[in-house]
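Single-structure report; data block below.
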Amino acid sequence: MQEIRIYHSIWRTLLLVLCGAAFTYASVTILMDPRTSFFMNIIAVIGVVFFGLGSLFMLFMVVRERLAHQAFMTITDKGVVVRGTKAFVVNFSDVESFEMVHVGSQKFVAIHYKPNVEIQKMEDAGFLGRMTRRLNTRVGNAQEHLGTTGMSMKIEEMFSILNERLKQA
């Protein structure tokens, strides 16, 4: 079978970057006004840092994906390769099942590993990693999830492809 490459959606990312730029502009405007209070200046600095850096980071990720022709997520016959801030590989031989999970209004694909793999992943993780994995298990019913917000493929389609490839592996 051929590999399936999933990128971030350009239009969704562009909209997110434009909204971040608008909030950054509003924060800079607040900072430039001499009549604003100290508290408002602190909030404006937080807004510049959060929205400004967040927008630049998202823009960088999408431009890097497109110029390097490296998809954010690649589904192969043997597994899934995810390239984000921290790249990781999900081998179908280690997976028991996939599940569609809703946390608030967000949709995720939960990865249910085989028991021995789950234990090994927990042991290999550091202190913060173990805390994050426990929180993920409580909230999303699995240690690891595939985020699907802002992708070029719908979650239902990705979920069916993952389950089909898992059955074939």
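Of all residues in the range 17-51, those that are open to solvent by less than 60 Å² (accessible area, probe 1.4 Å), touching a Phe, Trp or Tyr at 6+ places or on another chain (Cβ under 9 Å) and within 19 Å of residue 149 (Cβ to Cβ) total 1. Scanning the range 100-108 turns up no residue that is open to solvent by 50 Å² or more (accessible area, probe 1.4 Å), assigned to a helix (DSSP H, G or I) and either more than 20 Å from residue 71 (Cβ to Cβ) or at pLDDT 90 or above (or both).
Do you know which residues across the range 114-124 are over 19 Å from residue 80 (Cβ atoms) and surrounded by 14 or more Cβ atoms within 10 Å (Cβ to Cβ)? The answer is 122, and nothing else.
Residues are listed down the side, and each one gets a yes or a no for (1) within 18 Å of the chain's Cα centre (by Cα); (2) farther than 16 Å from residue 98 by Cα; (3) open to solvent by less than 60 Å² (accessible area, probe 1.4 Å); (4) not hydrophobic (A, V, I, L, M, F, W, C):
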| residue | (1), (2), (3), (4) |
| --- | --- |
| 112 | yes, no, yes, yes |
| 127 | no, yes, no, no |
| 163 | no, no, yes, yes |
| 169 | no, no, no, no |
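Consider residue 136 carefully, then state whether it is at pLDDT below 90 and either basic (Lys, Arg) or within 30 Å of residue 11 (Cα to Cα) (or both). In short, yes.
Among the residues examined, residue 54 does not qualify as open to solvent by less than 60 Å² (accessible area, probe 1.4 Å), touching a helix residue (DSSP H, G or I) at 6+ places or on another chain (Cβ under 9 Å), touching a residue at least 12 places away in the same chain (Cβ under 8 Å) and assigned to a loop (DSSP other than H, G, I, E, B). For the range 25-38, the criterion of being under 30 Å from residue 70 (Cα atoms) and in contact with a helix residue (DSSP H, G or I) (Cβ under 7 Å, 6 or more places away or on another chain) is met by no residue. For the range 129-161, the candidate set comprises residues that are among the charged types (D, E, K, R) and outside any loop (DSSP other than H, G, I, E, B); within that set, the residue that is surrounded by the fewest Cβ atoms within 10 Å (Cβ to Cβ) is 138. Restricting attention to the range 59-94 and to residues that are touching a strand residue (DSSP E or B) at 6+ places or on another chain (Cβ under 7 Å) and part of a helix (DSSP H, G or I), the residue that is most open to solvent (accessible area, probe 1.4 Å) turns out to be 94.
The values are calculated or read from the model by the stated rules, or taken from the named source; none is laboratory data. Just so we're clear, the structure is a prediction, and the values are computed from it rather than from any experiment. Cβ: placed from backbone, ideal geometry, glycine included. Neighbour counts: every protein chain shown. To get the accessible areas, we keep the full protein, side chains included, count just its heavy atoms, and leave off ligands, DNA and RNA. Shrake-Rupley method; radii C 1.70, N 1.55, O 1.52, S 1.80 Å.
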